[in-house]
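The values are calculated or read from the model by the stated rules, or taken from the named source; none is laboratory data. Note that the structure is a prediction, hence the values are computed from the model and not measured. Note that each Cβ is placed from the backbone with ideal geometry, even for glycine, and that neighbours are counted across all protein chains shown. What goes into the accessible areas is simple: the full protein's heavy atoms, side chains included, and nothing from ligands, DNA or RNA. Shrake-Rupley method; radii C 1.70, N 1.55, O 1.52, S 1.80 Å.
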Amino acid sequence: MVDGGAEPERDRLLRLTADHVLEQGIAEMTLRGLGAAIGTNNRMLLYYFGSKEKLIGQALLEASRRFPAFAAAMTALDEPGTPLVDRLLNCWRGIAAPENLPFHRLFFEIFGQAAHNPGRFDEFLARVGHDWTNQVAAALRAEGVPAAPAAGLAREIVALWRGLQFDLISTGDHEAVTATYAAAAAAFAQRCRAATEQRVPAEVRQPAS
C-alpha cells in the first residue's frame with residue numbers, strides 16, 4: 001500500500017537535483033554523477049525527465065521557488081492603483097534582492113551552457129526569451145500602451161534586467177545597480193505615458209475650434 005503522504009519520486013528527485021545544482025553548479029554535471037550524489041541512477045533520471053537538458057531546466061524552476069522574493073517579483077507589475085514607475089521599481093527589488101544571488105549564478109551558468117549547445121536547451125531558451133517579456137508587455141498594454149510599443153518596451157526592460165543581474169554578480173555593487181535602474185525605470189514610465197497619449201485620437205486630445 002502506497003503512503004498517501006509520501007513525496008512523489010519525481011518531485012523528490014527534482015528537489016534533490018535543485019539542491020545539488022545550487023551548491024555545485026552544472027559545469028561538471030553528468031546524469032551518472034548526479035544520480036550517485038542524490039541516491040538514484042541515470043536511468044531513473046532519464047525516465048522521469050527525458051534528458052539532462054530538460055532536467056536542468058526543471059531544476060532551475062524548482063530552484064527559483066527557494067527564493068521567495070525572486071519568485072514573487074513579477075507579481076509587483078500587477079499591483080492595482082500603483083504608478084507604473086513604482087511597479088517597475090518593486091519588480092526589480094524582488095529580482096535583485098541580495099538573497100537571490102545563488103539563483104542568479106545558477107541561471108547564468110545554465111544560460112551559458114544553452115548558448116554553447118544549440119538545440120539542446122531549446123525549451124529553456126524559449127522560456128527565458130519570452131516569459132518575462134510577455135508578462136511585462138501585458139502589464140504595459142493594461143496601462144494603455146499600444147501592442148507594438150508595449151512589445152518593444154518590454155523587450156528593453158527585460159534586457160536591462162538581465163544586464164543588471166549580470167552586473168550584480170560581477171560587481172556586487174547593489175547600491176550603484178539600484179540607482180542605475182531607478183533612473184531607467186523613470187525613463188521607461190515616461191516613454192509608456194507618451195505611447196499611451198499618442199494612442200488617443202487627435203480629435204479627442206484637441207478641442208474643436
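What is the distance, in nm, between label points placed 7 Å from the Cα along the Cα-to-Cβ direction at Asp122 and at Ala187?
With each label placed 7 Å out from Cα toward Cβ, I get 3.7 nm.
Rounded to the nearest 500, what is the 222 nm mean residue ellipticity of the chain from helices alone, with -39500 (n - 2.57) per DSSP H run of 4+ residues and division by all residues?
-24000 deg cm²/dmol
Quick one: length gained pulling Thr180 to Glu99 fully straight, 0.36 nm per residue minus the C-alpha distance?
27.2 nm
So for the range 127-178, what are the equivalent ellipsoid semi-axes in whole Å, largest first, each being the square root of 5 times an eigenvalue of the Cα gyration tensor?
They are 25, 11, 7 Å, listed from largest to smallest.
Heavy-atom accessible area per residue, the range 78-209, 1.4 Å probe: how many Å²?
55
Using the C-alpha atoms of the range 86-209, what convex hull volume per residue, in cubic angstrom, is computed?
Given the Cα convex hull of the range 86-209, per-residue volume reads 110 Å³.
Just to confirm, what accessible area per residue do you get for the range 1-53 at 1.4 Å probe, in whole Å²?
With the other protein chains kept in place, the range 1-53 gives 63 Å² per residue.
Can you give the percent of C-alpha pairs in the range 54-154 whose distance is more than 18 Å?
54
Residue by residue, what Karplus-based ³J(HN,Hα) values in Hz, rounded to whole numbers, does the range 9-19 have, using 6.51, -1.76 and 1.60 with θ = phi - 60° and x for Gly and Pro?
3J(HN,Hα) across the range 9-19, in whole Hz: 4, 4, 5, 5, 5, 5, 4, 5, 5, 4, 4.
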